[in-house]
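The values are calculated or read from the model by the stated rules, or taken from the named source; none is laboratory data. On a predicted model such as this, the values are computed, not experimentally measured, just so you know. Here the Cβ positions follow ideal geometry from the backbone for every residue, glycine too, while neighbour counts run over all protein chains shown. The protein model used for the area step is the full one, side chains on, heavy atoms only, and it has no ligands, DNA or RNA in it. Shrake-Rupley method; radii C 1.70, N 1.55, O 1.52, S 1.80 Å.
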Amino acid sequence: MPDDTQILGRCPNCGERISTAWRLIDYEKDDGTEGVWAECPACSEVVAPE
């Protein structure tokens, strides 16, 4: 069972902490690193957590 309390990062728009429960998409960037898109629980925007 995944740990939904683990933090992905902060919203670049409002600074809210985003946990893995809000993760939408994992993807591989052109440079081979992993990228994540998540919904911010505070501002409801889809963002790449920082």
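Working note: Cα atoms of the chain, range along each principal axis, descending, whole Å: 30, 29, 13.
Rolling a 1.4 angstrom probe over the chain with all protein chains present gives an accessible area of which 45% lies on carbon and sulfur atoms. When you filter the trypsin sites (Lys or Arg not before Pro) in the chain for DSSP loop state and at most 15 other Cβ atoms inside 10 Å of their Cβ, you are left with Lys29.
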